[in-house]
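Worksheet for the structure shown next.
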Amino acid sequence: MAEAAFARTFLSSLDSRPVKLSADHVEDLRSFPARPAYILPRMPTSMSKPKTVLPGQERSITVVLKSLRNPPLDVKLASQPLSTSVLDIKARVAEQTRIPVEKLKLLHNKRPLTDSKIIKDIVGDDATSKIELSVMVIGGAAAIMPEQNAAVPAAASGQDALTTDAFWEDLNGFLLQRLKDEETAGQMGRLFKASWESSRGTS
């Protein structure tokens, strides 16, 4: 009974108070109990300030690529910016080995890398200056090294050109084109050659 009487008294006291505060209501701060100021705890590590890197001062890294199996590959790409993508690396490997880009697959710690990844994603916060990647050639493509520019022999000229078979073949072709008769062109070609050989013998 005592609880019921207390509840009725408490509810009646609430009824005597306004439901909403007026627009010009001001609460006296002195009526609030005093509380100590709340101070946030210190962070375990201070936040690093953003660094502004000037052009030309970006960090670079050396990328070493080696094949897991045949064909044997050992490619070294020096001074690669951290923004270099895996696709860019594959393109540079393709330039040196002449293996199509779509046949190349790069791995880091035996895990395949997607073309959209960049070097920064691979090394993370590690301040290393070199990273080693594995190369897998799909479909059994063989490495074809760039062809060396073979020395082209100088074409014969002057009297030396007359001693080559290529000159007389070209002459026969020219005569055939102009005379439209293979037999006549052959006769004229032999006549010119015999005349040149006889003049050469008498000189």
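Quick notes on this one:
- The dipole here belongs to the stretch 60-140: it is taken about the Cα centre, uses +1 on the Cβ of Lys and Arg and -1 on the Cβ of Asp and Glu, and is about 280 debye.
- The distance between label points at T184 and K130 comes to 7.6 nm (points 7 Å beyond Cα on the Cα→Cβ vector).
- The stretch 67-108 shape via C-alpha gyration tensor axes, a/c threshold 1.5: prolate
- Under 20 Å of direct C-alpha separation, and excluding same-chain neighbours fewer than eight residues apart, K49 reaches these aspartates and glutamates: E58, D125, D126.
- Shape category assigned to the stretch 60-140 from the gyration tensor of Cα positions, a/c cut at 1.5: prolate
Just so you know, all these numbers are worked out from the coordinates, no wet-lab data involved. It should be emphasised that the depicted structure is a prediction, and the values quoted were computed from it without experimental measurement. Virtual Cβ from ideal backbone geometry, glycine too; neighbours counted across all protein chains shown.
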